[in-house]
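Have a look at the structure below, then the notes.
The values are calculated or read from the model by the stated rules, or taken from the named source; none is laboratory data. Just so we're clear, the structure is a prediction, and the values are computed from it rather than from any experiment. We place every Cβ from the backbone using ideal geometry, glycine too, and count neighbours over all the protein chains shown.
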């Protein structure tokens with residue numbers, strides 16, 4: 001997805017021509033067969049991944065899946081044991097960190113404590129011996145771009161966490177890098193600031209058209225911001241797809257269960273590529289396992305629950321999420337299932353009420369029983 | 001925070017007096033006892049330190065039968081050997097500070113960035129001088145410098161031994177003092193390095209295009225200013241007051257000069273000691289105030305700035 005094609009109007013933010021960091025066009029970034037080991041731990045296990053020019057690619061995965069290592073390899077802070085990193089076709093695997101054209105925002109507030117916001121933003125320009133007047137002008141422009149035009153004289157300890165990360169973003173953009181790297185930049189912020197900064201980063205990224213790789217363990221963040229999301233597990237790429245596809249058509253059981261909420265229900269394979277589950281027979285989506293015992297993966301929004309005195313399930317709890325209410329039900333054979341029901345219909349599903357649970361009639365993922373993680 | 005601490009004074013005046021001691025009241029009593037002891041200890045310690053100083057001061061200004069005179073102080077600058085020994089000590093101190101920082105800063109930064117697991121080893125090595133008596137150090141230095149058969153007299157090694165013992169500026173003292181100062185320099189720098197996330201700052205600076213020397217000069221050192229100042233002042237105080245090694249090796253820096261003249265000019269000797277103590281204390285006070293200001297600056301937002309550092313805007 002091209003960044004410029006999705007620019008929302010342009011009226012809400014500075015257009016590409018007006019943006020101080022807009023000179024660098026988006027770059028194509030490729031990881032080819034990256035492998036990195038830390039002692040007995042394999043952080044990256046042959047990672048192949050491409051970030052298209054101008055897109056925001058989120059690296060998503062659980063702790064230790066290798067997402068930050070991949071980003072640090074791209075930034076030049078880690079060197080792969082095998083494989084290569086290419087930017088616009090140029091192999092930069094052995095290029096020192098200070099000669100890579102990549103701006104990075106770190107998880108921890110990484111502003112230089114002895115410099116004020118203006119000098120922090122202008123640090124890279126000073127390294128490149130840009131004149132003092134130009135440094136001052138560029139820093140002022142960038143501080144304006146991140147919404148802190150009046151904060152140039154403030155030192156890091158005089159700013160909040162959100163403000164510090166904005167300054168860090170301005171600093172990362174000061175050298176007009178070809179690639180912007182974001183290493184969980186929002187994880188230390190509180191929810192409200194995180195949400196506003198998330199939108200601001202996306203707005204900036206779209207207006208500048210800069211290829212951005214964003215590491216996060218927060219799936220909501222990844223799904224809401226990214227053009228594509230790459231899900232990593234144990235150093236390997238599980239799936240890289242646009243958020244909707246990742247959610248609707250997960251390629252593996254790991255992705256299915258890691259992204260969003262998933263029910264695992266015991267099923268029985270039948271003829272014709274179908275599976276019997278919870279009293280209905282559904283078509284199987286994707287590979288059919290050879291294992292006789294299987295489990296069926298179904299999202300809560302694809303389950304219906306209705307109050308029914310003759311039903312076999314029992315409502316355990318109901319959590320209100322606005323337009324929908326997530327109902328947790330105990331099944332007669334043991335185990336439980338979650339179902340999202342419209343909140344207007346959820347009044348009848350109070351704890352203790354008997355109910356009937358039924359999957360929606362649509363293709364489902366099937367995995368061998370006891371494979372993957374629990375629901 | 002005193003305002004948030006439940007104390008007896010915080011109780012409403014309208015409330016009836018408690019018949020039994022409330023937990024708050026008993027905790028006040030429990031707290032008041034240590035305060036008394038703290039005061040007593042402080043007074044005793046004050047007497048222990050101040051009485052000798054006062055006695056010394058009285059000794060320098062009062063001569064029995066001749067009354068009070070400040071001649072011991074006014075005559076310091078013109079005292080024979082004062083300027084030479086002081087300049088020698090200051091020169092030795094400057095070289096010791098430079099050498100110890102040149103050794104310690106790159107080593108500690110390198111360990112922190114590249115090999116954190118070596119940290120305990122470096123700490124032990126740096127702390128070793130604390131358990132080695134100066135007399136043992138002198139004995140070792142004398143043995144090494146006294147070694148050298150005749151046929152080595154034209155070699156660079158032998159010439160080096162001679163150069164470091166040059167009486168006008170004995171570099172051997174710089175080497176010995178650097179070893180002695182290492183524990184203090186290490187502690188000061190280690191505290192500074194722990195207070196700042198050096199690895200992230202270095203990576204941020206590298207990401208901005210800075211080379212490693214540039215990062216050290218423009219990012220690491222400015223953030224270690226108070227640590228560097230602390231290490232420097234402690235080293236200065238150590239060098240100005242060091243007697244054993246210099247005396248046993250036969251040199252006459254400031255401390256040795258003070259002892260030397262104490263036989264013939266006792267009052268001047270004590271006056272100089274007092275002044276050097278006061279100067280050292282003044283330097284340490286300046287340092288401690290600067291450190292406190294830096295610490296306050298690092299944690300307290302400026303007036304008008306947001307008060308939260310937890311990410312709230």
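What to note about this one:
- Among the residues making up the stretch A:122-140, those that are more than 20 Å from residue B:217 (Cβ to Cβ) and surrounded by 20 or more Cβ atoms within 10 Å (Cβ to Cβ) are A:138, A:139.
- Residues that are free of Cβ contacts under 8 Å to residues at least 60 places away in the same chain and at the interface with chain B (Cβ under 8 Å from one of its Cβ atoms), drawn from the stretch A:161-177: A:161, A:162, A:163
- Matching residues in the stretch A:178-235 - criterion: being closer than 15 Å to residue A:26 by Cβ, in a loop (DSSP other than H, G, I, E, B) and away from chain B (no Cβ under 14 Å): A:209, A:210, A:226, A:227
- Where residue A:160 falls short, out of the listed (1) outside the structural domain of residue A:219 (by TED's automatic domain parsing); (2) in contact with a helix residue (DSSP H, G or I) (Cβ under 7 Å, 6 or more places away or on another chain); (3) surrounded by fewer than 23 Cβ atoms within 10 Å (Cβ to Cβ): (2)
- Within the stretch B:140-167, residues that are on the phi > 0 side of the Ramachandran plot reach partners that are assigned to a helix (DSSP H, G or I) with beta carbons closer than 6 Å, at six or more positions or on different chains, in the pairs B:148/B:158.
- Flag for residue A:332 being assigned to a loop (DSSP other than H, G, I, E, B) and at pLDDT below 90: yes
- Any hit, the stretch A:62-76, residues being within 22 Å of residue B:207 (Cβ to Cβ), touching a helix residue (DSSP H, G or I) at 6+ places or on another chain (Cβ under 8 Å) and in the same structural domain as residue A:241 (by TED's automatic domain parsing): yes
- Residues in the stretch A:283-306 that are at pLDDT 90 or above, more than 25 Å from the chain's Cα centre (by Cα) and surrounded by fewer than 17 Cβ atoms within 10 Å (Cβ to Cβ): A:304, A:306.
- Selection count, the stretch B:100-116, where residues are surrounded by fewer than 18 Cβ atoms within 10 Å (Cβ to Cβ) and touching a helix residue (DSSP H, G or I) at 6+ places or on another chain (Cβ under 8 Å): 4
- Within the stretch A:17-38, considering residues that are modelled with pLDDT of 90 or more and assigned to a loop (DSSP other than H, G, I, E, B), the one surrounded by the most Cβ atoms within 10 Å (Cβ to Cβ): A:27
- Hey, residue A:340 farther than 30 Å from residue A:290 by Cα and under 25 Å from the mean Cα position of the chain (by Cα) or not: yes
- Helices (runs of 4 or more DSSP H) lying entirely in the stretch B:170-221 (those with 1 or more residues that are surrounded by 17 or more Cβ atoms within 10 Å (Cβ to Cβ) and touching a residue at least 40 places away in the same chain (Cβ under 8 Å)): B:171-195, B:198-207
- The condition of being buried (at least 19 other Cβ atoms within 10 Å of the Cβ) and over 21 Å from residue A:230 (Cβ atoms) does not hold for residue A:279.
Residues are listed down the side, and each one gets a yes or a no for (1) more than 23 Å from residue A:176 (Cβ to Cβ); (2) modelled with pLDDT under 90; (3) more than 11 Å from chain B (Cβ to nearest Cβ); (4) within 29 Å of the chain's Cα centre (by Cα):
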position: A:60; (1), (2), (3), (4): yes, no, yes, yes
position: A:79; (1), (2), (3), (4): yes, no, yes, yes
position: A:88; (1), (2), (3), (4): no, no, yes, yes
position: A:159; (1), (2), (3), (4): yes, no, no, yes
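- Test for residue B:290: is it at pLDDT below 85, assigned to a helix (DSSP H, G or I) and either touching a helix residue (DSSP H, G or I) at 6+ places or on another chain (Cβ under 7 Å) or more than 14 Å from every other protein chain (Cβ to nearest Cβ) (or both): yes
- Restricted to the stretch A:344-353, and to residues there that are more than 12 Å from residue A:305 (Cα to Cα) and in contact (Cβ under 8 Å) with a residue 12 or more places away in the chain, the residue that is surrounded by the most Cβ atoms within 10 Å (Cβ to Cβ) is A:351.
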